[in-house]
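Worksheet for the structure shown next.
Read-outs throughout are calculated quantities, based only on the coordinates presented, and are distinct from any laboratory measurement. Note that the coordinates shown come from a computational prediction; the quantities given were computed from them, not determined experimentally. As a convention, Cβ positions derive from the backbone with ideal geometry for all residues, glycine included, and neighbour counts pool all protein chains shown.
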Amino acid sequence: MRQPLRLLWEKLWHREKKASPPDGETPEIKKQRLKKERLRARNKKFKEKESYRWVEAFSKIRKLFESLETPVDGLKPRIIHVFDREGDIAEVFVKVSKTKNTGVVVRAAHNRCLEGENSHLWEYVTSQPVKFIKEVKLPETKKRVARTATLEIKYCPVSISPPSRLKNEGCFNVSAVYVREINAPEGCESVEWMLLSSESVMTQQEASQILRWYTYRWRIEEYHKILKSGCKAESYRLAGDSMSTMLGFLTVIAAQLLQMTYLHRNSPHSPATVVLTKVQMDVLLASSPPKLRKDVELTIDWAIRAIARLGGYLEHRKNSAIGIQVLWRSWLELETLCQGWLLHQNLKSIY
């Protein structure tokens, strides 16, 4: 169903606050200072850099799926990582080539040199003929309205020259899928993506699959929106390890809410047991008004509305959207009620 299931791994990273420039710094002194900072950052060990997290993810996720070596219907399970432009680092392509049953799709950020083509990535791939046209639904963001985009797609294999720091690794042989929107609405910026993948792309079906995988990355944007806007993760100011503990709690809830809101949009009539435990369903039924319990179908739509009522959602406003902040408040209330329910059941069994 292409739905988000759970959070597999996360890493907390605290960026060091940059020191304020000294008083009276001249442009020339500033230039020298920034040059030294760049050199210091470049000379850092890779594992000490923020970008290491993209490579670290391969090893961490791989360990979780070591039991999936057994083929299913003759096919071995395969893990596909989907990265945005921050993940376009050469070490990613080195790591994926050395990790079993693992692939990657990354949106290119650098116009890399190509081996043997006397050209660069963008110039070479964009010079290829258009292979097919495809429509893709674009979600709303801060910079664009939701719309259906008509995309022209080109694809071809490329051999990328490694940077000097990885010259012993050889070239990176990957597939490039170039996507460009045509006939964008007036006032809207055209979509343009250069996608690189470790997977073979020789047909229209394979290119469409790479594009589809990349669109799954938008779920990550939704997840962070829920974490920040709904769970208000950035509003907490805790010292020591308390912040890490709080974020561990909030990220799990954000992942659950992401799954629920996705299914509510795409499969509202599925059974509520897909996202709720029996205790949660019992509590929601008990807390619902009597008229809403009679002959009720326990679907995901019912579950979302029943949860939202706990957070103040007014049932008579059926045309109004259930906001993520309402769901966040409601989920906390549901968890509190479930704890009380379990405590009550335990006391009954004792006495």
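At an R0 of 22 angstrom, the distance between the Cβ atoms of Lys228 and Cys338 translates into a FRET efficiency of 0.30. Computed from the C-beta positions of Gln205 and Lys98 and an R0 of 22 Å, the FRET efficiency is 0.20 to the nearest 0.05.
Relative contact order for the range 224-350: 27 percent, from Cα pairs under 8 Å spaced at least 6 residues apart, divided by residue count. Taking a point 7 Å from the Cα of Lys137 along the Cα-to-Cβ direction, the residues of the range 248-265 with backbone N closer than 19 Å to it are 258-265. Under 5 Å from the amide H of His81 lie the amide H atoms of Gly103, Val104, Val105, each residue being 5 or more positions distant or on a separate chain, with H modelled from the backbone and absent for Pro and chain starts. Calculated mean residue ellipticity at 222 nm for the chain: -12500 deg cm²/dmol, from DSSP H runs with n ≥ 4 weighted as -39500 (n - 2.57), summed, divided by the residue count and rounded to 500.
When Cys231, Cys156, Cys171 are sorted by how many other C-beta atoms sit within 10 angstrom of their C-beta, beginning with the fewest, the order is Cys171, Cys156, Cys231. Taking the range 159-231, which GluC sites (Glu not before Pro) meet the DSSP loop condition and have no more than 15 other C-beta atoms within 10 Å? When the GluC sites (Glu not before Pro) of the range 159-231 are filtered for loop state and at most 15 Cβ neighbours within 10 Å, Glu186, Glu189 remain. Between Asn266 and Leu298, the simple spin-label model (points 7 angstrom out along Cα→Cβ) gives 2.5 nm. Computed from the C-beta positions of Ser59 and Lys291 and an R0 of 51 Å, the FRET efficiency is 0.40 to the nearest 0.05. Of the complete DSSP H runs in the chain, those spanning 27 angstrom or more by Cα along the long axis with a mean Kyte-Doolittle score not below 0.5 are 242-266. Over the chain, one equal point on each Cα, no solvent: what is log10 I(q)/I(0) by the Debye formula at q = 0.06, 0.09, 0.13, 0.14 Å⁻¹? Values returned for q = 0.06, 0.09, 0.13, 0.14 Å⁻¹ are -0.32, -0.70, -1.24, -1.34.
If you average the alpha carbon positions of the range 227-301 and of the range 105-140, how far apart do those two centres end up, in angstrom? Between the Cα centres of the range 227-301 and the range 105-140 lies a distance of 40 Å. Within the listed set Leu298, Leu12, Leu327, the residue fluctuating most in the Gaussian network model of the chain (springs between alpha-carbon atoms under 10 angstrom) is Leu12.
Here the gap between Gln345 and Glu192, fully extended at 0.36 nm per residue and compared with their Cα-Cα distance, gives a gain of 49.4 nm. Between Thr126 and Asn111, the modelled label-to-label distance comes to 0.7 nm, taking each label 7 Å out from Cα in the direction of the beta carbon.
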